[in-house]
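The values are calculated or read from the model by the stated rules, or taken from the named source; none is laboratory data. Keep in mind that this is a model prediction, so the values were computed, not measured. No Cβ is skipped: glycine too gets one built from the backbone with ideal geometry, and neighbour counts run over all protein chains shown. Surface areas here come from the heavy atoms of the whole protein model, side chains and all, with no ligands, DNA or RNA. Shrake-Rupley method; radii C 1.70, N 1.55, O 1.52, S 1.80 Å.
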Amino acid sequence: MTAVQSDSETGVLAGDERMLIDGELQSTASGALFDVINPATEEVAGQATDGVVADMERAVGAARRAFDTTDWSRDVQFRYHCLIQLRDALVEEKERLRRIIVTEVGTPIATTHMIQLEYPITEAGYWPEFGKSFDYWRDTGVHESIGGQARRILQYDPVGVVGAITPWNCPLYLNIAESLPPLMAGNAVVLKPAQLTPWSGSELGRIVAEKTDIPAGIFNVVLSNANEVGAALTADPRVDMITFTGSTATGRKVLAAAAPTVKKVFLELGGKSAHIVLDDADFATYLPMAAGAACAMSGQSCTLSSRILLPRKRYAEGLHILKATMEAFPYGDPWDPHVYQGPAISETQRQKVLGLIRSGVESGATLITGGGIPDRLPKGFFIEPTLLSDVDPDSQVAQEEIFGPVITVTPYDTEDEAIDIANNSIYGLSGEVSSGDQERALRVAARVRTGTMTVNGGSYFGLTSPLGGYKQSGIGRRNGVHGFEEYLEIKTIGLPV
Ligand code: ADP
């Protein structure tokens, strides 16, 4: 892990209040603002403009016009030039963005060096290169056809106007991951960031407006405290596609709203992933990693393996290691460079997590450690790292996504039983298998119905490899060629031989 560069750079920082519509940084007509709360202190850190449906309609109109009337969709070199400008500007503004992320998300500064900041900046450099070398026009040669032969060409076209709706857990990363692939593919984008973390969106809008040649209307950011503004984006007939990351509950609404106009959708939704720890696994290596992962983003990660399945014959040993790691995990003030777990994002989120922990205990689970609000941190939405054992796989706490620093542990007797428990979920985003025998671990991983798997600590995560969900964890894949093609239509052209 990289050390924090300079202590003098630390301290809360408010982001830009304005949204970006049709190339203009602006506030909503009424001047209404909403508060941005610092989750580590519960104090108001600043404000953001509280956009309304009319603002969203203007942004969609601007995106439609810009897509239909500019050369953006056809000029790959120009897109490359603009997105490299954006990447360079993000690098320039990195330390400002770091402080904003710590302020509005409560992410420990030590962990901003990963998914919250350094990774998305790397991603901002990846898409321009990827899109520049992508083959948008492919002569696929001669094919058999009904009654003869034909030469076929595949033309890859942008989908059109893409609405991007993002959550609060990794806001800069997801704003970039949902905006840059469609932009580089030639689409116009309207981004609606989460209301709890508006600045990771407004700052992106400001940087685009001030430091890039992206034409007016091609990239818009609409801020609002109201869900109806995101809903207006999903229903607007001028929008061709919605890309959404968030809860499965909201994802269902997005899908329903997209149906009347048959929009294309990319959805990355919830998860409830299981880590199958086989009886020959090296517990001392894999269990501390598993416990640390659950705490590191305060559990606010959709791909987290929050259900740990332990072999009954090594159950006590496994629980002991998990408990020791969670009790020693450094959490608290996100500005402290030795801290790796910050607060939950809001009081509502904290109460939801605490309620699920209570429901687990009521359904017969044992609270091994944590379970409450730490006395030493009276301010901020902190939750103690929490370990529940003997969790019934059908109980609410084992079925619902918690999004808190909570691990549920369930014992199993046979490999088949472990796989059944892992698959006993409406979700299928991720998962993990640990074993002393890699071939055995791979056989088990192959039977788990999820879009990504970690085997013996190996990382599936990265820009070149597909990531997405089976079942109710989503539709589509992000990253690499699969992720880029989500934002393209394919036109098949037939020619005589
Ligand atoms: P959470 O409930 O954890 O805040 P959500 O999945 O509801 O997460 O939110 C993710 C994003 O979806 C946010 O940007 C939010 O504003 C937006 N959103 C919420 N409700 C709707 C809706 N009905 N239609 C479109 N977007 C929505």
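Cβ-Cβ below 6 Å, separation at least six or inter-chain, first residue in the stretch 379-406 and of a type in the set (Gly, Ala, Ser), second assigned to a helix (DSSP H, G or I): which pairs?
SER389/LEU319; GLY404/VAL353
SER359 is checked against (1) within 24 Å of the chain's Cα centre (by Cα); (2) within 30 Å of LEU267 (Cβ to Cβ) and fails just one. What number does that condition carry?
With respect to (1) within 24 Å of the chain's Cα centre (by Cα); (2) within 30 Å of LEU267 (Cβ to Cβ), SER359 is out only on (1).
Restricting attention to the stretch 358-369, and to residues there that are in a loop (DSSP other than H, G, I, E, B) and not polar (S, T, N, Q), which single residue is farthest from THR386 (Cα to Cα)?
GLY364
Would you mind finding the one in GLU95, GLU24, GLU17 that is among the acidic types (Asp, Glu), within 30 Å of CYS295 (Cβ to Cβ) and at pLDDT 95 or above?
Working: GLU24 fails: within 30 Å of CYS295 (Cβ to Cβ); GLU17 fails: within 30 Å of CYS295 (Cβ to Cβ).
Going through GLU95, GLU24, GLU17 in turn, just one is among the acidic types (Asp, Glu), within 30 Å of CYS295 (Cβ to Cβ) and at pLDDT 95 or above: GLU95.
Working only within the stretch 375-412, note down all residues that are touching an Asp or Glu at 6+ places or on another chain (Cβ under 7 Å) and open to solvent by 50 Å² or more (accessible area, probe 1.4 Å).
The answer is LYS379, and nothing else.
Which numbered condition in (1) away from the ligand (no atom under 13 Å from the Cβ); (2) open to solvent by 10 Å² or more (accessible area, probe 1.4 Å) is the only one that PRO181 fails?
(2)
Quick one: what pairs do we get from the stretch 318-337, first residue within 18 Å of GLY372 (Cβ to Cβ), second small (Gly, Ala, Ser) and surrounded by fewer than 21 Cβ atoms within 10 Å (Cβ to Cβ), C-beta under 7 Å, 6+ apart or different chains?
Pairs found: PHE329/GLY292.
What residue, of GLY355, GLY372, is surrounded by fewer than 18 Cβ atoms within 10 Å (Cβ to Cβ) and either part of a helix (DSSP H, G or I) or in contact (Cβ under 8 Å) with a residue 40 or more places away in the chain (or both)?
GLY355
From the list GLY251, GLY299, pick out the single residue that is assigned to a loop (DSSP other than H, G, I, E, B), open to solvent by less than 10 Å² (accessible area, probe 1.4 Å) and within 28 Å of THR107 (Cα to Cα).
Exactly one residue qualifies, and that residue is GLY299.
A quick yes/no check of all residues on (1) in contact with a Pro (Cβ under 7 Å, 6 or more places away or on another chain); (2) open to solvent by less than 20 Å² (accessible area, probe 1.4 Å):
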{"site": "THR303", "(1), (2)": "no, no"}
{"site": "HIS320", "(1), (2)": "no, no"}
{"site": "PRO330", "(1), (2)": "no, no"}
{"site": "PRO337", "(1), (2)": "no, no"}
{"site": "ALA344", "(1), (2)": "yes, yes"}
{"site": "ARG350", "(1), (2)": "no, yes"}
{"site": "VAL361", "(1), (2)": "no, no"}
